[in-house]
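Asks: Have a look at the structure that comes next, please.
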Amino acid sequence: VSTQSTGSSGINAEYGENFQADQLSLFPQFPHFKLYFCLTAAMKLNIAYPATGCQKLLKIDDEKILSVFYDKRISQEVPADRLGDEWKGYILKITGGNDLQGFCMMQGVLCNIRVRLLFKDGMPNYRMKRKGVRKRKSVRGCIVDSQLSVLDLVIVKKGDNEIPGLTDTTAPRRLGPKRVGKIRKLFALSKEDDVRQYVVHRPLPEKEGRKPKSKAPKIQRLVTPVRIQRKRRVIAERRQRTEKNRVDAAAYAKLLAQRQKEKRQAILSRRRSSNRTSTSSA
């Protein structure tokens, strides 16, 4: 890495920064510069704006612009003034990225290289297919460097100017909320309102000669009469189990006390019989 950076700085000092990829053959004294140029040629910035649901992909090949993101970690905020005059006042938050080979960045891995970690159930970037299985996977650290191909960003503060295709338009949500509480929050409903009448239906592609159809999600955490009846039954069964355990414990304690009493009586009867035998023999 030091050889590559030294080579590029030498070329920049001698020939300036305005060079093209087809001019690499003019520099035989820098054998590692071709690899360096390929790895740091361009980076894509995937910028999202949650308020409108839109995102924009920018391809940046200027190291001066990209250097503002270098050595920053995931979840850090960066001013976007270097991207252009229209980005003045915008603040971007780093949410992730992928390197040139497609390996994603992982929060908590404090390095800017690729590492192999042993993943288990519950860890991010891993889904366990069989119970108890662990797997060693390659991930990239959470620190940004020049080896990334895509960097994911989110606008956390909007500037004065509008960004075409990002902040001036609104993309409709393809899917609506599925949970009861979120549906009530979206439409400002009360608990007396029927949530099933407000679920968002997604229209399906129309087929020739058939009626248009739509698809709606199954509402989660919906309180129905069947759910209330099932809850009453579960509570009643739990109460019955508790009562049965209490009665069984009392019966067992009574039986145990009876067995202990019989055992003590048997010991006393043996002692008395032995004393009588010794007295008669004397």
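Asks: Go through segment 271-276 residue by residue and turn each phi into a ³J(HN,Hα) via Karplus (6.51, -1.76, 1.60, θ = phi - 60°); whole Hz please, and just put x for glycine and proline.
Replies: Whole-Hz 3J(HN,Hα) from phi for segment 271-276: 5, 5, 5, 5, 5, 5.
Asks: For segment 72-128, just run the numbers: alpha carbon Rg, then divide by 2.2 N^0.38 Å, N being how many residues it has.
Replies: Ratio of Cα Rg to 2.2 N^0.38 Å: 1.47.
Asks: Contact order normalised by length for segment 172-252, with contacts defined as Cα pairs under 8 Å and 6 or more residues apart; what percent is it?
Replies: With pairs under 8 Å counted, the relative contact order is 25 percent.
Asks: Quick one: net charge around Ser278, please, counting Lys, Arg +1 and Asp, Glu -1 for every other residue with C-beta under 12 Å from its C-beta.
Replies: Result for the neighbourhood of Ser278: +3.
Asks: What would the Debye formula give as log10 I(q)/I(0) at q = 0.20, 0.23, 0.24, 0.27 Å⁻¹ for the alpha-carbon point model of segment 192-250, no solvent?
Replies: For segment 192-250 at q = 0.20, 0.23, 0.24, 0.27 Å⁻¹, log10 I(q)/I(0) is -0.87, -0.95, -0.98, -1.07.
Asks: Given a 1.4 Å probe, how much area per residue of segment 214-282 is accessible, in Å²?
Replies: It amounts to 97 Å² per residue over segment 214-282.
Asks: Work out, in µm²/s and without decimals, the Stokes-Einstein translational diffusion coefficient of segment 31-144 at 4 °C, 1.567 mPa s, Rh from Kirkwood over C-alpha pairs.
Replies: 80 µm²/s
Asks: Give the Cα extents of segment 104-199 along the principal axes, in whole Å, largest first.
Replies: Extents along the principal axes: 52, 48, 19 Å.
Asks: Let me ask something else. Over every pair of different alpha-carbon atoms in segment 206-282, take the mean of 1/r and invert it; report that Kirkwood radius in Å.
Replies: 20.0 Å
Asks: Take the Cα coordinates of segment 115-268, assign each an equal point scatterer, and use the Debye formula without solvent to give log10 I(q)/I(0) at q = 0.10, 0.11, 0.20 Å⁻¹.
Replies: Result of the Debye calculation: -0.89, -0.99, -1.19.
Asks: Place a label point 7 angstrom from the Cα of Glu86 along the Cα-to-Cβ direction, then list the residues of segment 161-198 whose backbone nitrogen is under 16 Å away.
Replies: Flagged as within label range: 161-170.
The values are calculated or read from the model by the stated rules, or taken from the named source; none is laboratory data. The shown structure was predicted, so the numbers you read here are calculated from the model rather than taken from an experiment. Every residue, glycine as well, gets a Cβ built from its backbone with ideal geometry; the counts of neighbours run over all protein chains shown. Just the protein is used for accessible areas: all its heavy atoms, side chains included, with ligands, DNA and RNA removed. Shrake-Rupley method; radii C 1.70, N 1.55, O 1.52, S 1.80 Å.
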